[in-house]
Amino acid sequence: MKAEKLHEAEHQGKDQIVEELVKRNDFPVPEAMLDQQIDLRLERGLRALAAQGMRTEDMKRMDFARLRAGQRDGALREVKASLILEQIADQEKIEVGDEEFDHELEALATQSKQTLEQVRARLTQDGGLDRIRHRIRNEKTLDSLYRRSA
């Protein structure tokens, strides 16, 4: 229970750091990046609905224009946060080691009940390896900022 409370406090602290970074750094975001992030958010949402048992024909009847519009603000925040964290990571020279990267791929393989080779092949095919490395780097950067603020 104590560990859960600590984890929740850390999560809230990191969210506050991201909110403050985004608020203090206003800049335009390329529309293509924003569209890509909206697509990723919608894809995750649809996968979650499918996992909960929603049928494909029901999903096809959804108002995707409205869903896309509803994702815009969150996607904009995520893209800005990612770009800011990337800039900080460059300045701080934060990198993702092969061991960290492989550990993440192994966790994905276990979670998806696939072999490491299957996960690596799928992610290589859809460009996911770079996204994962980027996500890990941003998480490390945010962890560093959080530790300094605590």
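The values are calculated or read from the model by the stated rules, or taken from the named source; none is laboratory data. On a predicted model such as this, the values are computed, not experimentally measured, just so you know. Backbone-built Cβ (ideal geometry, glycine too); neighbour counts: all protein chains shown.
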**Message:** Within segment 1-60, considering only helices (runs of 4 or more DSSP H) that don't extend past its boundaries, which have at least 1 residues that are closer than 19 Å to His134 by Cα?
**Reply:** 2-24, 31-51
**Request:** Sort out which residues of segment 19-39 are touching a residue at least 12 places away in the same chain (Cβ under 8 Å) and under 13 Å from the mean Cα position of the chain (by Cα), and write them in order of number.
**Result:** Gln37, Ile38
**Message:** Based on this model, can you work out whether Val96 counts as at pLDDT 95 or above and surrounded by 15 or more Cβ atoms within 10 Å (Cβ to Cβ)?
**Reply:** yes
**Complete:** The condition of being surrounded by 14 or more Cβ atoms within 10 Å (Cβ to Cβ) and more than 30 Å from Arg148 (Cα to Cα) holds, among Leu108, Leu83, Leu67, Leu76, only for Leu67
**Asked** Out of segment 56-73, which residues are within 17 Å of the chain's Cα centre (by Cα), of a type outside the set (S, T, N, Q) and farther than 17 Å from Asn25 by Cβ?
**Response** Arg72
